[in-house]
1. How charged is the neighbourhood of A:D116? Take every other residue with its Cβ under 13 Å from the Cβ of A:D116, and add Lys/Arg as +1 and Asp/Glu as -1.
2. Compute the accessible area per residue over region A:73-230, keeping the other protein chains in place, probe 1.4 Å, unit Å².
3. Modelled label-to-label distance, B:D77 and A:K148, 7 Å Cα→beta-carbon offset: nm?
4. Each residue of region A:201-206 in turn: what ³J(HN,Hα) in whole Hz from Karplus with 6.51, -1.76, 1.60 and θ = phi - 60°, glycine and Pro shown as x?
5. Can you bin region B:66-266 into rounded, prolate or oblate? Criterion: square roots of the alpha carbon gyration tensor eigenvalues sorted a ≥ b ≥ c, rounded for a/c under 1.5, prolate for a/b above b/c, oblate for the rest.
6. Could you tell me the calculated FRET efficiency between A:K113 and B:D54, based on Cβ-Cβ distance and R0 = 30 angstrom, to the nearest 0.05?
7. Can you tell me how region A:73-230 classifies by the Cα gyration tensor, rounded, prolate or oblate, using a/c under 1.5 as the rounded cut?
8. Got a sec? Which residues of region A:95-126 lose 30 Å² or more of accessible surface with every protein chain in place, vs. that chain alone, 1.4 Å probe?
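The values are calculated or read from the model by the stated rules, or taken from the named source; none is laboratory data. Source: prediction; values computed, not measured. No Cβ is skipped: glycine too gets one built from the backbone with ideal geometry, and neighbour counts run over all protein chains shown. We work out accessible area using only protein heavy atoms, side chains counted, and drop any ligands, DNA or RNA first. Shrake-Rupley method; radii C 1.70, N 1.55, O 1.52, S 1.80 Å.
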Amino acid sequence: MKTRPPIAARPVARFGRSGTAALALLLALASPTVPIFAAAPATPPSAAAADPQAMLRGAVDEVLAVAYPEKPADPAAPAPAPLAERVRPVLEKYFSFELLTRSAVGPGWNQTKPDDQKRIITLFTELVIRTYSDKFEPGARPAVTYAKPVEIDAARRELPTSIAYAGKTYSVSYRVRQQPEGWRIYDVNVEGVSMVANYRAQFTPLFDKGGAAAIITAIEKNIADYAAAKK
Amino acid sequence: MKPLSRRTAFWSRDALVAFSFVTLLLAAAPATFAADAAKSPAPSTSSGQADEPDEFAVKPVSDPLEPLNRAVFKFNDGLYSLVLRPVAHGYQRATPPPVQRGLTNFFDNLRFPIRLVGDVLAGRPKRAVQETGKFLVNTTAGFAGLVRASDSVPALKDVPPAGLGTAFAAWGIGPGPFLVLPVIGPNDVRDTVGFAGDVYLIPTNWTAFERIDGYHWWWRTGIQTLDVVQSSPDFLKTYDDFLKSALDPYLAVRNGYLQYRESAVKK
């Protein structure tokens, strides 16, 4: 798998004028949802909004910077907050937890009262962030390589990556969707197992039996059990 | 009846082609419409429209033995906690990580015949050649398979998994009902049959082994035990990670296994 830095992330100045034009054209071709004039300045923030892979790279780099700090922790300093708390602001920036939760609940979502929806989003977000941050183990920083994005439709992309970690390689694929604020992650697929589809398979029978209340109780129980096991 | 069936056989090939064509068209039509429907409005920014296909729709699962499977699942869970967990802990404490990695690589390299036979039976000569190349590189440059030297050769990286199960799938055989096997864990009927065959393809299980001068039964038993022990930490890590985040552990593992196998046989 050959990887190149995302088009948008490469320095523009070096290419000169024709380079900028070519870049704008490439960007426009790569993401049909973006009008050409919007791509021309190609500064990192707007590029991240336009190019899903640039967004993902930014997200992964930020998460890794939090999970694997360059400087070793100062032994005199107070113990850092749990990883889940530290990565939460980063993940909230790049994930659409609302879309992720809605997709995981499935058809029952529209029959759920707004208050219950809010509660499920809050609880499920906590569960997902905890699960995600549990995957990081102390040791060498994982090396991530990015493959070519796959277009699902105009507003959705699948972004395959592979993660080399402790002598093994895992395939991790992200589903992202164009939101008003930019591209946002709404599913993570590890070795062919979609997280959202996996929760959907568990939420559906719960919802069929006890509605939104059953889902809320089940997530609350999981969070409480986990906290009890940690103590 | 006889002449009729003969006639059926006579035109069946053309009928099959025509039938496949019509089926393909029918299958493609909704997909085309769906793609158009998704493209026609301006780039959708409000998420989760009702008119777009549900990409996470729950697929029907064949699990006629669910009560029994759940019981075996519970039994396995207890067995892992009582036996496998202490074994994995002890092994991890007794061996440094490079040794653990070396052993994992060694036993993975030893399973080369499973992958070769799987790829050959599935009619995938390119992958069979890749697997052979991997085996040769890892066995020689990788010190009898202790080092995955093949990872530094781009053409030998990321070869999809193969075995009798994936070969059966390539022949068009579906997974069949979901099963939870005692000790071994989640499986389906197709992969259980494949797994039973795969076992005979692991060199340590070959009878030829017994003809080596000075062979003792505990050679084989020792190697097989070491194989189980070295694989236990990775297995438990995957299992525990899955269970910790699950709301219904049985459903989570069943869905996870089926998704994993479906993607593995599609590669």
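1. So the surrounding residues net to +2.
2. Computed with neighbouring chains in place, this is 46 Å² per residue.
3. Using points 7 Å along Cα→Cβ, the separation is 4.4 nm.
4. Whole-Hz 3J(HN,Hα) from phi for region A:201-206: 4, 8, 5, 4, x, 4.
5. Oblate.
6. Efficiency for this residue pair is about 0.90.
7. oblate
8. A:R102
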